[in-house]
Amino acid sequence: MKRSTRWLGAFAFAALSLSAGAARAAEVRLVSGFGLCYLPAYVAVEKKLIEKHAAALGVPDVTVSYQHLASGPAITDALISGSADVAMAGTSVLLNVWDKTAKFAPIKGMMAICDSPIYFNTIDPNITSIRDFKDSDRIAMASGKGTQHALVLEMATAQAYGFDQRNRFDTLAVSMSHPDGVAALLSGGAGVKTHVTTVPFIQMELANPNVRTILSSYDVTGGPNTLIVAYAADKWRKDNPKLYQATFEALKEAMAVIAADKGAAVDLYLKAENSKLTRDQVLAIVNDPKMMTFSPTPKKVMVFADYMAKAGLLKNRPASWTDVFFANIHDAPGD
């Protein structure tokens, strides 16, 4: 069954479930992937900031749960099926689900969570730019076509060779988890000599003097781009306006908490995830604005949207980034 068809049925079922469960106790169910980019969510949950803001809005005794899933599509499926209320995943994931649900039951962005680059790291001394890839090369990335990693590869290829050549290197992509991609690269490049990855795997690879970066998503988008966004169904937002507002305010406050004491925030992250990096290594990443910025303002959303629409990956092209996000963030200087 095609994913779009499954989403339609799942969303209809979720709408009925939500209506039937209207009398249940107040709760906010978060879902996201794993990683340092989700630090505001870890802080908000650990410090009970959603509960705090909900109580201030007149909704006491809120239950907050937090689930982790392995991929953006799985995260969105959890939202559509009604097993989650607020999802966090990549900008391209939001654009896809907004496109598929816009006409019948919109899912839109609540806010940006993290600006962070996607790096193309290589251990092959013969590869100095995207123009050096050959048919025999292989490029490891976490997931396939339509994901933000794959989009950056296509966009960079289009910039180098022209739009009609955007899929020139698609066949070189090998689906591989970030940890496996790191292991393949650092083993000497047997089979895979280039890895498309994010923090903290960027730093793990660049610690090897034989690894270097040939391309960053920031190069492709013309500046920092939002990697992770939070999004929700319009029905849940309308049915639970105070919980929606409380979640938004809690994630914003979590960003302020991180800025005020990055060390304490890193400690929360290390408590939540079994990272192989030391505290000092994680703190160095969080302290580097070129690697990570936590802000509710969406950045370069339209760069991805314009490309996806032109490439036929979106049926509906948003006129502005605000089309894809709810009004609570429209006054931010996004793009």
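The values are calculated or read from the model by the stated rules, or taken from the named source; none is laboratory data. Just so it is clear, the structure is predicted and the values come from calculations on it, not from any experiment. Counting neighbours? That spans all protein chains shown, and the Cβs are built from the backbone with ideal geometry, glycine included.
Condition check: within 28 Å of Val196 (Cβ to Cβ) and either among the charged types (D, E, K, R) or modelled with pLDDT under 95 (or both). Does Asp261 satisfy that?
For Asp261, the condition - within 28 Å of Val196 (Cβ to Cβ) and either among the charged types (D, E, K, R) or modelled with pLDDT under 95 (or both) - is not met.
Any idea how many residues of the stretch 277-322 are free of Cβ contacts under 8 Å to residues at least 12 places away in the same chain and within 24 Å of Glu154 (Cα to Cα)? Walk me through how you get there before you give the answer.
Quick first cut of the stretch 277-322, residues free of Cβ contacts under 8 Å to residues at least 12 places away in the same chain only: 278, 280, 288-289, 306, 309, 312, 319.
Subsequent filtering for residues that are within 24 Å of Glu154 (Cα to Cα) retains 306, 309, 312, 319.
Residues in the stretch 277-322 being free of Cβ contacts under 8 Å to residues at least 12 places away in the same chain and within 24 Å of Glu154 (Cα to Cα): 4 in total.
Here is a list: Ala250, Ala184. Which entry is crowded, with 24+ Cβ neighbours inside 10 Å and among the small types (Gly, Ala, Ser)?
Ala250
Here are the criteria: (1) crowded, with 19+ Cβ neighbours inside 10 Å; (2) at positive phi. Tell me which single one Gly222 does not satisfy.
For Gly222, the exception is condition (1).
Would you check which residues across the stretch 220-249 are within 19 Å of the chain's Cα centre (by Cα) and either assigned to a loop (DSSP other than H, G, I, E, B) or more than 15 Å from Ser295 (Cβ to Cβ) (or both) and list them?
Within the stretch 220-249, Val220, Thr221, Gly222, Gly223, Pro224, Asn225, Tyr231, Ala232, Ala233, Thr247 meet the criteria.
Regarding Lys276, is this residue modelled with pLDDT under 95 and either basic (Lys, Arg) or closer than 27 Å to Pro60 by Cβ (or both)?
Here the answer is yes, as Lys276 does meet what is asked.
Taking into account only those residues within the stretch 289-335 that are out of contact with any helix residue (DSSP H, G or I) (no Cβ under 9 Å at 6 or more places or on another chain) and closer than 24 Å to Thr198 by Cα, which is surrounded by the most Cβ atoms within 10 Å (Cβ to Cβ)?
Thr293
Considering only the stretch 47-118, give the strands (runs of 3 or more DSSP E) lying wholly within it that have at least 1 residues that are crowded, with 23+ Cβ neighbours inside 10 Å, at pLDDT 95 or above and touching a helix residue (DSSP H, G or I) at 6+ places or on another chain (Cβ under 6 Å).
So the answer is 86-90, 107-115.
Taking Ala265 as the residue in question, decide whether it is outside any loop (DSSP other than H, G, I, E, B) and either in contact (Cβ under 8 Å) with a residue 40 or more places away in the chain or outside the structural domain of Thr322 (by TED's automatic domain parsing) (or both). Write out each step before concluding.
Details: outside any loop (DSSP other than H, G, I, E, B): yes; either in contact (Cβ under 8 Å) with a residue 40 or more places away in the chain or outside the structural domain of Thr322 (by TED's automatic domain parsing) (or both): yes.
Yes, satisfied.
Quick check on this structure: which one of Lys193, Lys145, Lys134 is among the charged types (D, E, K, R), more than 30 Å from Leu283 (Cβ to Cβ) and buried (at least 17 other Cβ atoms within 10 Å of the Cβ)?
Numbers: Lys145 fails: buried (at least 17 other Cβ atoms within 10 Å of the Cβ); Lys134 fails: buried (at least 17 other Cβ atoms within 10 Å of the Cβ).
It is Lys193.
When you look at Tyr38, is it surrounded by 21 or more Cβ atoms within 10 Å (Cβ to Cβ) and either farther than 30 Å from Leu215 by Cβ or not assigned by TED's automatic domain parsing to the domain that holds Phe169 (or both), yes or no?
yes
Residues checked against (1) in contact (Cβ under 8 Å) with a residue 40 or more places away in the chain; (2) farther than 20 Å from Lys238 by Cα:
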residue	(1), (2)
Trp98	yes, no
Thr101	yes, no
Gly109	yes, no
Ile127	yes, yes
Asp135	no, yes
Ala142	yes, yes
His149	yes, yes
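Of everything in the stretch 119-169 that's assigned to a loop (DSSP other than H, G, I, E, B) and basic (Lys, Arg), which residue is nearest to Val303 (Cα to Cα)? Walk me through how you get there before you give the answer.
Step one: list which residues in the stretch 119-169 are assigned to a loop (DSSP other than H, G, I, E, B), which gives 123-129, 133-138, 142-147, 162, 166-169.
From what's left, basic (Lys, Arg): 134, 138, 145, 166, 168.
Details: Lys134: 27, Arg138: 26, Lys145: 17, Arg166: 15, Arg168: 20 Å.
Per the criteria, the residue is Arg166.
Does Thr247 satisfy the criteria of being among the polar types (S, T, N, Q) and not assigned by TED's automatic domain parsing to the domain that holds Met176?
Judged against the criteria, Thr247 is a match.
Checking Leu172 against (1) in contact with a Phe, Trp or Tyr (Cβ under 9 Å, 6 or more places away or on another chain); (2) closer than 23 Å to Lys290 by Cβ; (3) among the aliphatic types (A, V, I, L, M); (4) surrounded by fewer than 21 Cβ atoms within 10 Å (Cβ to Cβ): exactly one of these is not met. Which one?
(2)
Considering only the stretch 37-59, state which residues are more than 14 Å from Tyr244 (Cα to Cα) and out of contact with any Leu (no Cβ under 9 Å at 6 or more places or on another chain).
The answer is Tyr38, Lys48.
Can you pull out the residues in the stretch 8-42 that are modelled with pLDDT of 90 or more and either among the small types (Gly, Ala, Ser) or within 20 Å of Leu57 (Cα to Cα) (or both)?
Going residue by residue through the stretch 8-42, those that are modelled with pLDDT of 90 or more are 26-32, 36-42.
The answer is Ala26, Glu27, Val28, Arg29, Leu30, Ser32, Ala41.
Cβ contacts < 7 Å: first residue not assigned by TED's automatic domain parsing to the domain that holds Val31, restricted to the stretch 55-67; second residue loosely packed, with under 13 Cβ neighbours inside 10 Å and not aliphatic (A, V, I, L, M), any location; separation 6+ or different chain. Result?
Every condition considered, no pair remains.
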